[in-house]
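Novice: Sharing a structure here in structure tokens format.
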Amino acid sequence: MMQYRYIGKSGLRVTPICLGTMTFGTSADKKESFKIMDKAYDMGINFFDTAELYPVPPSGEYAGLTEEIIGEWLQTKPRDSIILASKVAGAANGWFVPPIRHGLTAIDRFHITKALENTLKRLKTDYIDLYQVHWPDMSVPIEESLYVLDEFVKQGKIRYIGTSNDSAYGLTKSNEVSKFKNLTRFQSIQNNFSMLNRRFMDELSNVCRKENISLLPYSPLAGGVLTGKYNQKFYPENARFAKYLNNPNPRIQAQAKRFVNDKTLSSVEEYLKIAKEYDVSLTTLATAWSMHFDFIASTIIGASNADQLDDTLAAFEYKISDELMRKLDAVHEDILYPMG
């Protein structure tokens, strides 16, 4: 029997694993993307996550293609059998300038409205179950963003809202504004979280627990690093960070070096030994670890081909014992914060 979880205080009843779709349209063509979604759906997955910027790496040429692919596939399934999440691109004044809307994105009325209208068209649906801010806006007051999102909730175009890539201060601030102004609040936060990146547990996990806001962790395999494929003499040619390390964009290179470095590879070497000891795939173990905590509603996985789902979906049935968790924690204590 599938064990469902609720996102925050919402009525969104989701599977503990969510299918992320950022590879659809580039690493996975439409045919393979359909196979991935069909396989996940047939295995019981009811939660799918996308964004207006997908596929990755983001480009003006392909932005929105992932939503178009999902929209076409969605016509083959009962719409209300799926919890569908998408995101409005974050502000251009942040860590990255999105290659859409002429690089002028903001979390204001104009951009939220344009983004949502286009997302609904591409997805061929009249509502989004969970609409998320892809990353915060440091210029537009959170009140303005929440007022607009609240209006769309009242119109029925959005059921619930969430945030992504935010801080403990940002999540707390937005939550308090929602309370004070009587506005729809963020029910979820989508941040990077894995055995190689446990930063969320420092402060944000406490906010989530106290306020009943759910983490939807992405990159539970640390971009594939926790599969062990980078602990080989030669990286696989199609591996994401193998491509990123050769990318002329310094930001892309920096991201690759954050994920693939001496500390992360040393950590993975130890995790591989533990996985072998317990006769489990490290992919399954890493996915199960990210599903383990009480502040998590659903772990977002990804795939470039349908076969890659086998080990991640096996985490549904895998339970981490206290003894195993102590061994995993010991690796982190020995190599603290390998991703910085």
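Novice: What is the sum of charges around Ile7, taking Lys and Arg as +1, Asp and Glu as -1, for the other residues whose C-beta is under 15 Å from the C-beta of Ile7? Walk me through the numbers on the way to the answer.
Specialist: Numbers: positive: Arg5, Lys9, Arg13, Lys87, Arg159, Arg185, Arg209; negative: Asp49, Asp129, Glu211, Asp294.
Taking every Cβ under 15 Å from that of Ile7, the sum is +3.
Novice: What number comes out for the charge environment of Lys181, summing +1 per Lys or Arg and -1 per Asp or Glu over other residues with Cβ under 13 Å away?
Specialist: On the way: positive: Lys173, Lys179, Arg185; negative: Glu143, Glu144, Asp150, Glu151, Glu176.
Spelling it out: positives minus negatives among the neighbours equals -2.
Novice: From the C-alpha gyration tensor of the range 124-213, pull out the three semi-axes of the equivalent ellipsoid (sqrt of 5λ each), sorted largest to smallest, in whole Å.
Specialist: 23, 15, 12
Novice: Under the Kirkwood approximation for Rh and a Cα-based Rg, what ratio Rg/Rh is obtained for the range 1-97?
Specialist: On the way: Rg = 14.2 Å, Rh = 14.3 Å.
Rounded to two decimals, Rg/Rh equals 1.00.
Novice: Let me ask another. Using the count of nearby Cβ atoms within 10 Å as a rough guide to exposure, how do Ser266, Ser178 rank from fewest to most? Walk me through the numbers before you get to the answer.
Specialist: Values: Ser266 15, Ser178 19.
In increasing order of surrounding Cβ atoms, one gets Ser266, Ser178.
Novice: Helix 250-259 versus the longest principal axis of the chain: what is the Cα-based angle in degrees, 0 to 90, to the nearest 10?
Specialist: Around 50 degrees separate the two axes.
Novice: Could you give me the ³J(HN,Hα) list for the range 42-50, computed from phi with Karplus coefficients 6.51, -1.76, 1.60 and θ = phi - 60°, whole Hz, x at Gly and Pro?
Specialist: Each residue's phi maps through the Karplus curve to give 5, 7, x, 5, 10, 10, 10, 10, 9 Hz.
Novice: Show me 198-204, 242-248 ranked by packing, highest mean number of other Cβ atoms within 10 Å first.
Specialist: On the way: 198-204: 16.1, 242-248: 13.9.
Output ranking for 198-204, 242-248: 198-204, 242-248.
Novice: Let me ask something else about it. For an R0 of 25 angstrom, estimate the FRET efficiency from the Cβ-Cβ distance between Glu117 and Thr76 and round to the nearest 0.05.
Specialist: Numbers: r = 24 Å, r/R0 = 0.95.
The pair Glu117/Thr76 has a calculated efficiency of 0.55.
Novice: While we're here: Under 5 Å between amide hydrogens, which residues at least 5 positions from Cys18 or on another chain qualify, with H placed 1.01 Å from N in the peptide plane?
Specialist: Thr299, Ile300, Ile301
Novice: By counting other Cβ atoms within 10 Å of each Cβ, how are Ser219, Ser321 ranked from fewest to most? Mind dumping the intermediate values first?
Specialist: Details: Ser219 23, Ser321 9.
Taking fewest neighbouring Cβ atoms as first place, the list is Ser321, Ser219.
Novice: Taking the beta-carbon count within 10 Å as an exposure proxy, list Val140, Val14 from fewest neighbours to most.
Specialist: Details: Val140 18, Val14 24.
By the 10 Å Cβ count, ascending, the order reads Val140, Val14.
Novice: Quick check on the chain: helices-only [θ] at 222 nm, where DSSP H runs of length 4 and up contribute -39,500 (n - 2.57) each and the sum goes over total residues. Nearest 500, please.
Specialist: Working: 12 runs with 134 residues, N = 340.
It comes out at -12000 deg cm²/dmol, rounded to the nearest 500.
Novice: Here's a follow-up. Under a point spin-label approximation (7 Å from Cα along Cα-to-Cβ), what is the Lys276-Asn305 distance to one decimal in nm?
Specialist: 2.5 nm
Novice: Would you mind estimating how fast the range 261-340 diffuses translationally, via Stokes-Einstein at 25 °C and 0.890 mPa s with the Kirkwood radius over Cα pairs, in µm²/s?
Specialist: Numbers: Rh = 13.5 Å.
It diffuses with D of about 182 µm²/s by this estimate.
Novice: Give me, ordered by chain and number, the residues 5 or more places off Ser214 or on other chains with an amide H under 5 Å from its own placed amide H.
Specialist: Long-range HN contacts for Ser214: Gly8, Ser188, Ile189.
Novice: Give the long-range amide H neighbours of Ile128: residues separated by 5 or more places, or on another chain, with amide H under 5 Å away, using H modelled in the peptide plane at 1.01 Å from N.
Specialist: HN-HN under 5 Å from Ile128: Ile158, Arg159.
Novice: Enter the angle in degrees (range 0 to 90, nearest 10) between the Cα long axis of helix 168-181 and the first principal axis of the Cα atoms of the chain, meaning the one along which they spread out most.
Specialist: Tilt of helix 168-181: around 30 degrees.
Novice: If we count every other residue with Cβ under 14 angstrom of Ile300's Cβ, Lys/Arg +1 and Asp/Glu -1, where does the sum land? Display every interim value, and only then the final one.
Specialist: Details: positive: Arg5, Lys87; negative: Asp49.
Combined, the nearby Lys, Arg, Asp and Glu give +1.
Novice: Moving on. Taking the range 1-94, which chymotrypsin sites (Phe, Trp or Tyr not before Pro) meet the DSSP loop condition and have no more than 13 other C-beta atoms within 10 Å? Let's see the in-between values first.
Specialist: On the way: sites: Tyr4, Tyr6, Phe24, Phe34, Tyr41, Phe47, Phe48, Tyr62, Trp73; in loops: Tyr4, Tyr62.
Within the range 1-94, no chymotrypsin sites (Phe, Trp or Tyr not before Pro) qualify (loop, at most 13 other Cβ atoms within 10 Å).
Novice: For the chain, how big is Rg over Rh, using alpha carbon atoms and the Kirkwood form of Rh? Write down the numbers at each step before the final one.
Specialist: On the way: Rg = 19.1 Å, Rh = 20.3 Å.
Ratio of gyration radius to Kirkwood radius: 0.94.
Novice: Which FRET efficiency value, to the nearest 0.05, do you get for Glu151 and Ser266 by plugging their Cβ-Cβ distance into 1/(1 + (r/R0)^6) with R0 = 41 Å? List each step's numbers first, then the result.
Specialist: Numbers: r = 50 Å, r/R0 = 1.21.
Efficiency computed from Cβ-Cβ geometry: 0.25.
Novice: By how many degrees, between 0 and 90 and to the nearest 10, does the Cα long axis of helix 262-277 differ from the longest principal axis of the chain?
Specialist: In the chain, helix 262-277 runs at an angle near 70 degrees to the longest axis.
Novice: With label points built 7 Å along Cα→Cβ from the Cα atoms of Asn246 and Ser321, find their separation and express it in nm.
Specialist: My value for the distance between the label points is 4.4 nm.
Readers should treat all values here as calculations from the given coordinates under stated rules, not as data from a laboratory. Predicted, not measured: the structure shown is a model, and the values here were computed from it. As a convention, Cβ positions derive from the backbone with ideal geometry for all residues, glycine included, and neighbour counts pool all protein chains shown.
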